[in-house]
Ligand code: CUA
């Protein structure tokens, strides 16, 4: 059978197009790493979020030398934590779930983008090579505040990144003769030991203490001040470590409940 030259050209052209379509579709489905939400994680009903150890306290955790996991909760109309902070040159796996309706977790200017469906956990692993700041936006219509739903992702220079948390347990008032005890607990979320200087200020007195907090551990430092030396009245205190600061005020000789041991 003789095929006319033009017909042959059209046939070849059509074949090339068909193969091209198949290649692009296959590449889009497999090559780009695009997956369906929750084809790897178990379901998580929104009511169980507060009992789930990953999402009850949304946070970033170090899981390997340059590997981190971020547990993010989306809800009308915020993301938690906000900002999400990670170091550069790291591989971050995001686990994102929703407390209420369908949102998205879209990191502006990157190809990090997933639907966030209540009951499901979306998982994405992203590598960050350079420090920078990114907006996180929601691109699934989720209600009246949808256009305001935004968060922030900060990629810090590697050597400036810490996962330090400071909590201070301090009395509101003490009797005039009693000591004022400030209990500072430093949490180190990194896997490496953390060497820091704790600085405290109360009234006119200042304190400094070098503390080593083991990787993935915590240390408590107690600062004791003589209430008599402080004198009666209100005294502001500030405790800081790394870039974390806590402050408050303690009353020495509060008439209402401070003098209960006399
Ligand atoms: Cu959340 Cu739109």
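What follows draws every value from the coordinates through simple rules; no lab data is involved. Keep in mind the model is a prediction, meaning the values are calculated, not measured. In this analysis, Cβ positions are derived from the backbone assuming ideal geometry, glycine residues included, and neighbour counts consider all displayed protein chains.
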In a Gaussian network model of the chain with springs linking alpha carbons closer than 10 Å, the residue among 140, 232, 219 that fluctuates most is 232
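Give me 249, 90 sorted ascending by neighbouring Cβ count inside 10 Å, so fewest comes first.
Placing the least packed residue first, the sequence is 249, 90.
Per the helix-only calculation at 222 nm, which mean residue ellipticity applies to the chain, given -39500 (n - 2.57) for every DSSP H run of n ≥ 4 and division by its residues, nearest 500 deg cm²/dmol?
Numbers: 2 runs with 26 residues, N = 262.
-3000 deg cm²/dmol, from helical runs alone.
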Per-residue Cβ contact counts at 10 Å, fewest first, order 237, 10 as 10, 237
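What is region 110-262 by shape, rounded, prolate or oblate, if you read a ≥ b ≥ c off the alpha carbon gyration tensor as root eigenvalues and call it rounded for a/c under 1.5, prolate for a/b larger than b/c, and oblate otherwise? Show your work: numbers first, answer last.
Numbers: a/c = 3.24, a/b = 1.99, b/c = 1.63.
Judged from the Cα gyration tensor, region 110-262 comes out prolate (a/c at least 1.5, a/b above b/c).
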Comparing 104, 247, 218 in a Gaussian network model of the chain (Cα, 10 Å), the one with the largest mean-square fluctuation is 247
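Quantify how much of the Cα-Cα distance distribution of the chain extends past 33 Å, in percent.
Values: 15407 of 34191 pairs.
Everything past 33 Å amounts to 45 percent.
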GNM of the chain, Cα pairs under 10 angstrom: of 49, 18, 117, the biggest fluctuation goes to 18
Cα extents of region 1-75 along the principal axes, largest first, in whole Å, come to 74, 33, 19
Cα gyration tensor of region 35-160 diagonalised, 5x eigenvalues square-rooted, in angstrom largest first, produces semi-axes 22, 17, 13
Residues 79, 95, 27 in order from fewest to most other beta-carbon atoms within 10 Å are 27, 95, 79
Longest principal axis of the chain (C-alpha) makes with the long axis of helix 5-26 (C-alpha) an angle, in degrees to the nearest 10, of 20 degrees
